[in-house]
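Here is the structure we will look at.
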Amino acid sequence: KPLKSYNDKLELFNLRTSYNGESLDNVLKIMHLKEFYPDIALFVQTNPSYCCPSLVTEAMTSKMEKISGVPIVTIEYDGTSSNKNESIIPFLKYAKY
């Protein structure tokens, strides 16, 4: 059953419309995408290192996964040429296209 309002979606995460920012937007985007595209199999979150909104969103991923039923992979980048995300490469072979 589709949720009727932003408030319904936010209540699932104990959030309110009086909050604002990127993390709130991310929750709403994930819920909206899952509602209108139910076949989504994976969400990928890319984060710049030490970005507070990204860290808050990342802290909510387990709840977002549980509610949406879709796993979330976080890729963090640091703005350098070093390869910080090589740990996820083995898992990419399991992606369905």
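The values are calculated or read from the model by the stated rules, or taken from the named source; none is laboratory data. A quick note: this is a predicted structure, and the numbers were derived from the prediction, not measured. Side chains are part of the model used for accessible areas, which takes the heavy atoms of the whole protein and leaves out ligands, DNA and RNA. Shrake-Rupley method; radii C 1.70, N 1.55, O 1.52, S 1.80 Å.
Directionally averaged projected area (the chain, Cα convex hull): 7.1 nm². Taking the helices alone, the chain has a mean residue ellipticity at 222 nm of -11500 deg cm²/dmol, built from -39,500 (n - 2.57) per DSSP H run of at least 4 residues and averaged over all its residues. Accessible surface calculations at 1.4 Å, restricted to protein heavy atoms, place segment 1-44 at 74 Å² per residue.
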